[in-house]
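A short write-up of the structure that comes next.
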Amino acid sequence: MKIEGRAALIINECQLGVVDAAYAGFRGLADQVAERGILDRIATLADAFRARALPVFHAPVVHRDDLADIKPNSLINALTLKGGKLKKGSVEAEFVPQLKPHPQDFVLDRPAGLIAFNGTNLDATLRRMDIQTVVLTGVSTNIAMPGNTMAAVDLGYYVVIPEDCTAGADPETHRVIVTEQLRMLARITTANEVIAALDRAS
């Protein structure tokens, strides 16, 4: 596998209230994150990017305390509003221990919306850093991964998805979305293959 140009790693919504079963509003997703063991692999990948002076972006959802930034115009938004989690300063909004941002990382809080490119300066920052390829990790393959992938492709980026660094609400949904949708838009690979490609490019 070859990485085109300079690459950045994007870690989507790896927060306690999303991927930790003790806090998560959608238990099935948290269970799949644990079963697939994605968090440690993402952490290894993030260390590899940092070691090569490549940027790491964290894309959390962080709501206002009054949740006025959530519009219940879809089922997932309505459920999020009802659950009342991921408020700024809450335990649920915190990053999982393995993926706490390092001082050189970028943290782009998103108050609303389903993808990392909406409501943030992600695209502008990537362009200023001359990034051509985004490596997408985190959750979920149900919604955010396809959304982020399509947005990135539309904006002109190459997209790489290490499949062992993402998870969906259930194994079959994850499999179908990766094999039938994401492979048409992105290079589907593994964390180890991404690291090997970074080595070849350096």
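Bear in mind that the values in this text are calculations on the coordinates, not laboratory data. What you are looking at is a predicted structure, and each value in this text was computed from that prediction instead of being measured. Every residue, glycine among them, receives a Cβ derived from its backbone with ideal geometry; neighbour counts consider all protein chains shown.
Computed over the chain with a Gaussian network model linking Cα atoms closer than 10 Å, the most mobile of G17, G113, G89 is G89. Report the gain in length on full extension from N73 to A51: 0.36 nm times residue separation, minus Cα-Cα distance, nm rounded to one decimal. Value of the extension gain: 3.7 nm. Rg and Dmax, both from the Cα atoms of the chain and both in Å, are 15.7, 48. Here the relative contact order of the chain, from alpha carbon pairs under 8 Å that lie six or more residues apart, stands at 28 percent.
Extension gain, R183-M1: 0.36 nm per intervening residue step, less the Cα-Cα distance, totals 64.1 nm. For the pair segment 37-112 and segment 1-36, the centres of their Cα atoms are 9 angstrom apart. Please build a GNM for the chain, connecting alpha carbons under 10 Å apart, and tell me which residue among A21, A59, A46 fluctuates the most. Top of the fluctuation ranking is A21.
Note on the chain: lysine pairs with Cα distance below 24 Å, sequence gap of 8 or more or different chains, count 7.
A Förster radius of 30 Å combined with the Cβ-Cβ distance from K100 to N121 puts the calculated FRET efficiency at roughly 0.90.
Most fluctuating residue of M145, M129, M184 in a GNM of the chain with Cα springs under 10 Å: which is it? Result: M184 has the largest fluctuation of those listed.
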